[in-house]
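K.L.:
I have a structure here, written as structure tokens, and I will follow up with some questions on it.
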Amino acid sequence: DTAVSQTPKYLVTQMGNDKSIKCEQNLGHDTMYWYKQDSKKFLKIMFSYNNKELIINETVPNRFSPKSPDKAHLNLHINSLELGDSAVYFCASSQGGVNQPQHFGDGTRLSIL
Amino acid sequence: TQLLEQSPQFLSIQEGENLTVYCNSSSVFSSLQWYRQEPGEGPVLLVTVVTGGEVKKLKRLTFQFGDARKDSSLHITAAQPGDTGLYLCAGVKGNTPLVFGKGTRLSVIA
């Protein structure tokens, strides 16, 4: 009964490929997020959706495209992967606003060869 | 510009020692959240402090929010190996996304 689950946990791929990460939350929260954590552990927000609607889009290259089919799911598709995309990507959810406590998944470690 | 500075960046101590880590800013926050992240997992919320001067205790962990709501500290008494992890503070300003600090990586050696 994992609250926020994301797949896959590890993703190793070549530069230039396209890949997707999926996220699901069973907490009934209305807001979901994608964060990127770099090698220095700095956690930075990328996107946020509230009830399937995009509400935050930080300065992220348009190679990154989030999709929320319903309020319990938020997927992230990345086109033309680059070396600098190597990081841990965390999905999170919260209830009632982007400033509320976040519930995080266990992360997807993306390594670009 | 990093709004939240956490110090120290790294801390390695022996089991049983006490420690304090800090989260400082020149900005005022309406509240501040503390998270712990263990290797291979996502951050987990420990506490939210809301009122200037507030002190909250969670077993051996004591969290304090500065009077001016610009800084916070986390004090751990008699640290245990299970306290090992990355401690992150996150500031709340109005209805904008959380701003995370870069964290303090704590290692408690048995």
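The values are calculated or read from the model by the stated rules, or taken from the named source; none is laboratory data. Note that this is a predicted model, so its numbers are computed, not measured. Note: ideal-geometry Cβ built from the backbone for every residue, glycine included; neighbour counts use all protein chains shown.
K.L.:
How many of the residues making up region A:59-113 are among the small types (Gly, Ala, Ser) and farther than 30 Å from B:Ser31 by Cα?
P.N.:
Of the residues in that region, 5 qualify.
K.L.:
Also, I was wondering about something else. Between a residue in region B:7-19 that is over 12 Å from B:Thr84 (Cβ atoms) and any residue that is modelled with pLDDT under 95 and surrounded by 13 or more Cβ atoms within 10 Å (Cβ to Cβ), which pairs come within a Cβ distance under 9 Å, given they are 6 or more apart or on different chains?
P.N.:
B:Gln9/B:Lys102
K.L.:
All but one of (1) under 24 Å from B:Tyr87 (Cα atoms); (2) more than 14 Å from chain B (Cβ to nearest Cβ); (3) polar (S, T, N, Q) hold for A:Ser20; which doesn't?
P.N.:
(1)
K.L.:
Anything in region B:83-110 that is assigned to a loop (DSSP other than H, G, I, E, B), touching a Ser or Thr at 6+ places or on another chain (Cβ under 8 Å) and within 8 Å of chain A (Cβ to nearest Cβ)? List them, or say none.
P.N.:
The answer is B:Lys93, B:Gly94, B:Pro97.
K.L.:
Now for a separate question. What about B:Val99, is it touching a Leu at 6+ places or on another chain (Cβ under 6 Å), surrounded by 16 or more Cβ atoms within 10 Å (Cβ to Cβ), modelled with pLDDT under 95 and not polar (S, T, N, Q)?
P.N.:
So B:Val99 passes the test.
K.L.:
Quick check, is A:Tyr33 of a type outside the set (A, V, I, L, M, F, W, C), in a strand (DSSP E or B), crowded, with 17+ Cβ neighbours inside 10 Å and facing another protein chain (nearest Cβ under 10 Å)?
P.N.:
Yes.
K.L.:
Of all residues in region A:36-45, how many are more than 10 Å from chain B (Cβ to nearest Cβ) and surrounded by 18 or more Cβ atoms within 10 Å (Cβ to Cβ)?
P.N.:
1
K.L.:
Among the residues of region A:97-113, what is the count of those that are part of a loop (DSSP other than H, G, I, E, B) and more than 8 Å from chain B (Cβ to nearest Cβ)?
P.N.:
2
K.L.:
Are any residues in region A:50-86 under 19 Å from A:Val98 (Cα atoms), outside any strand (DSSP E or B) and not β-branched (Val, Ile, Thr), and if so, which ones?
P.N.:
A:Asn51, A:Lys52, A:Glu58, A:Lys71, A:Ala72, listed by residue number.
K.L.:
Moving to a separate point now. Within region A:62-96, can you find the residues that are in contact with an Asp or Glu (Cβ under 9 Å, 6 or more places away or on another chain) and at the interface with another protein chain (Cβ under 10 Å from one of its Cβ atoms)?
P.N.:
Hits for region A:62-96 are A:Val88, A:Phe90, A:Cys91, A:Ser94.
K.L.:
Could I ask something else about it? Looking only at region B:30-47, filter to residues that are of a type in the set (S, T, N, Q) and more than 17 Å from A:Gln95 (Cα to Cα); which one of those is surrounded by the fewest Cβ atoms within 10 Å (Cβ to Cβ)?
P.N.:
B:Ser30
K.L.:
Working only within region B:70-110, note down all residues that are aliphatic (A, V, I, L, M) and closer than 12 Å to B:Glu5 by Cα.
P.N.:
B:Leu88, B:Ala90, B:Val99
K.L.:
Out of the residues in region B:24-78 that are in a loop (DSSP other than H, G, I, E, B) and of a type in the set (Val, Ile, Thr), which is farthest from the other protein chains (Cβ to nearest Cβ)?
P.N.:
B:Thr77
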